Amino acid sequence: MVTKIVEKVFVGKDIRHVSIYRKGDTRRCYNMIYVDGATGIAYAKRFQILGITRDKTYDLTLGTPGSRIIYLSEHPNGEAELLTILLSPMSRASKKKFTFNFAQLAIKGRAAKGNILTKHTIYKAQLKEQGISTLEAIELWYDERTGRITPNNGRGQLLGSFGPSDKLLLVFKEGYYLVTDYPLSFQLDPDAIALVEKLGHTHLLSIIFYHRLQKKYFVKRFMVEGRGEDKKYPFFSSEADMCDLTLVTSAPSPKLALHYLVHPTSEQNRSIIYDLEKVAIKTIKAKGIPLSKYTITQVNFCHE
């Protein structure tokens, strides 16, 4: 049943699952094992909930009296997990424990009967391993104005096509980055984000930051570590509270336009092109090197 959110409502007893329903979500699927009340046969199915009538009760089993759900899970991106199926000790089956992979089932409608899993009595269905998506790759877009990451909407910056093993790189102005699984609907604080990209097999970051105590701009280049554990990787030194991130890029050969004063007391400005490719790639813990011995008034990336 799908119902409107209100302060207080009675929808029934023995509720197995509650979540927010998103109309038109074609990637969300449900994996389920149920026992038919008439035959005792256990069925496995994967299904979507698309067209619905609000407050109408839909049967996910065959509808026979005594039918019951053994296992149910919801997945926002069509993931298919592995289960360990334990049969009743009283079962006549010679093999009372086996592994079942939902990936072997096609995703169908909610009214689908499903495939026979076993004709024997199931004692327990346990999660063995979280699975990956069985759906095709999806295009993700980042709206720099709102901070929203959404699929296939064509607004903002195209992050690329994402498959089950792809990750998202988020660089924060506060001075750290993290690598995370890509979300299908996610909102970031655009004022806190410096860079959002699809993580490559090798990912090089070049950052420019200003040290307020030393009153100098620094540059450092390092390879991105981490592969999706949502761990924060700070890239400033122990004086992080004195550092302000100015620029960041993953371009392999970035160039900077530096504007600087010839002398601190002079108003004469000069400019040069600074090739960051000449800066050595070091570890993320490296302090970085000064961009110039002169007083820098402005620094920007050159877009060729």
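Brief remarks follow.
- Phe301 versus Asn115: modelled label distance in nm, points set 7 Å from Cα along the beta carbon direction: 4.7 nm
- Projecting the Cα positions of Thr64, Ser88, Asn77 onto the charge dipole of segment 55-95 (unit charges on Cβ atoms of Lys, Arg, Asp and Glu, taken about the Cα centre) puts Ser88 furthest along the positive direction.
- Beta bridge orientation in the chain: antiparallel %, DSSP, nearest 5: 95 percent
- For the chain, the alpha carbon positions stretch 92, 45, 34 Å along the principal axes, listed from largest to smallest.
- Within segment 1-47: Cβ-based charge dipole about Cα centre, in debye rounded to nearest 20 (Lys, Arg +1; Asp, Glu -1): 260 debye
- Listing His120, His263, His201 from fewest to most neighbouring C-beta atoms within 10 Å gives His201, His263, His120.
- Mean sequence separation of contacting Cα pairs (under 8 Å, at least six apart), scaled by the length of the chain, corresponds to a relative contact order of 12 percent.
- Listing Glu81, Glu229 from fewest to most neighbouring C-beta atoms within 10 Å gives Glu229, Glu81.
- Across Lys128/Lys231; Lys220/Lys285; Lys173/Lys293; Lys13/Lys108; Lys216/Lys293, pairs whose alpha-carbon gap is larger than 20 Å: Lys128/Lys231; Lys173/Lys293; Lys13/Lys108
- Between segment 90-125 and segment 201-218, the Cα center-to-center distance that results, in Å: 55 Å
- Likely footprinting exposure, Ile296, Ile116, Ile273, Ile85, fewest C-beta neighbours within 10 Å first: Ile273, Ile116, Ile296, Ile85
- The calculated FRET efficiency for the pair Phe98 and Leu158, based on their C-beta separation and a Förster distance of 45 Å, comes to about 0.55.
- Positive contributions from Lys and Arg (+1) and negative ones from Asp and Glu (-1), summed over other residues with Cβ under 14 Å from the Cβ of Lys216, come out at +3.
- Put a plus charge on the Cβ of each Lys and Arg, a minus charge on the Cβ of each Asp and Glu, and nothing anywhere else: the dipole of the chain about its Cα centre is then about 1060 debye.
- If R0 is taken as 45 Å, the Cβ-Cβ distance between Asp59 and Glu225 corresponds to a FRET efficiency of 0.35.
Taken together, the values in this text are just the output of simple stated rules run on the coordinates, not laboratory data. Just so we're clear, the structure is a prediction, and the values are computed from it rather than from any experiment. All Cβ positions, even for glycine, are placed from backbone atoms using ideal geometry, and neighbour counts span all protein chains on display.
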